[in-house]
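Working notes for the structure below.
The numbers here are math on the coordinates, done by the rules we state, and not lab data. Just so we're clear, the structure is a prediction, and the values are computed from it rather than from any experiment. Note that each Cβ is placed from the backbone with ideal geometry, even for glycine, and that neighbours are counted across all protein chains shown.
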Amino acid sequence: MRDISSPLSSVRFSGGTVLSILLLLFALLSLVVFIAEGRLSNVDADAGVLATFALMGCLGVFALVREISAVPFSLPMMHWFFYLVFFVIAPLNQYLCGEVPWGYGLDDAAYLSTNALLLGWGVLFLFGTCLRFAKGGGEHRTALDPVERLPVVTRSAAAICAFASLACCVAFVTLVGIDGVFSRATAVWESSAGSAAYLVQDKILRSVPVVALVIVGSRWRVRGDSVVPLLLCAVSLLLTDFPTALPRYGAAVVYGGLALLFVPALTKRKGLFALLFLVAFVFVFPSINVFRSDGFSFALFAEALVRSIANLPQGFLGGDYDAYSMLARSVDYLGAVGCSWGFQFVGVLLFFIPRAIWPSKPVGTGYMISQAQGQAFNNVSCPLPAEMLVNFGFVGMLAAAFLFGVLVRRIHVMANKQGGGVWSSLYPFACFHLFFIMRGDLLSSWSYLVGFAVVYCLVLQIAGRAGLHDDSSDPSRRLARQ
């Protein structure tokens, strides 16, 4: 296994990697050209705004290619995907069309100041990811084979996991109804959405089948047996976490994480995951959102997919891509109200405290900004740079960019160490969840991440402490006891 000490170190480019990178760059360039074609002549575009968008695009492409050249997937890679799509491509389209989500007008000065902030964020995040953690050249970043990430359990443990997954599936179908299995619009929960009971039921019942499939799938990958438990886990997962019944971020986390664990090509061929993720994110995930308000049908999904492809530029004008405008609005909010000095961030860390106990508990930052600015619709995003800006001001935001870069690189290094155990197998899911954290708001995204991670780690810990791991397997593949 080859060590990678730094993404900037010399790496060998295989033909497949080069081809994937070229296809990815072509796809990104095509998006920009498709958006800009015929619009530059129709608007009075400011050269400075266009130049700063170009600088941000070059920075994002450089950083993304740098990551792809080093590892098949990583947390920093997901950050740069978000940066390019939400902070460059989508707002450039909005600027050229003269349309901003939620009708909040932005002038050239607002675009220039927002782009300056995002350039600072990108540069400092990049520096943070370049920081080395040990003397003498830094810690090595190894690209683990998927099997090495997975716990190997006994056949009895696989059967127990399959039974637990099936029990969660039965409970879930009982709670939401058969129609609710395939569409969010037709799900009928006994507990009201947003209540504590609903959140606990949703997180536990939908997370356990994911962990069970990871455990049983690892047994199947290494030993080649436990086929029946594997099929039971797969069916249970589909019924509790059907893609069209999940929020888009949830579908990406569950099925993207499982793909990275069980599809070797995605973790052995650099660039393949990046290319497929871009296609899925731009076309497939927006199509899933149609089932937020409509019942499930294949014809409806096909129609939504065709519509998302045909109306791609118009799609970037919608509220799903309001992250850039919310950052610009947070600058206005900061000027009018001032920063919270970390109060919003404390609310994120203590999200589990009920509002009945803490009446002054902060609401989501996006909700707070939109409400303060008199917007009737308050279910808006708040990207991570805006969260840091509202909490700590301009200097704090830039410092947070550097620290965030350090943090995600450190997590990547730790998760890819031999014997990483629970954290190594959780890491692929966390990569997809980073998208939700980047878009925000942080209060909801962090609570969902912690909820999933707690259930995931708890199930694995119970299996490990119950002695259900396979002692005959290679030590590097045993279930870690932490």
Once Gln373 and Val235 are pulled to full extension, the length gained, defined as 0.36 nm per residue separation minus their Cα-Cα distance, is 45.0 nm
Residue separation between Val363 and Asp179 times 0.36 nm, minus their alpha-carbon distance, gives in nm 63.0 nm
Residues whose built amide H sits under 5 Å from the amide H of Val153, excluding neighbours closer than 5 in sequence, are Arg219, Asp470
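Ranked highest first by the average count of other Cβ atoms within 10 Å around their residues, in what order do 396-404, 75-83 fall? Please list the in-between numbers first.
Numbers: 396-404: 19.9, 75-83: 24.4.
So the peptides 396-404, 75-83, ranked by packing, come out 75-83, 396-404.
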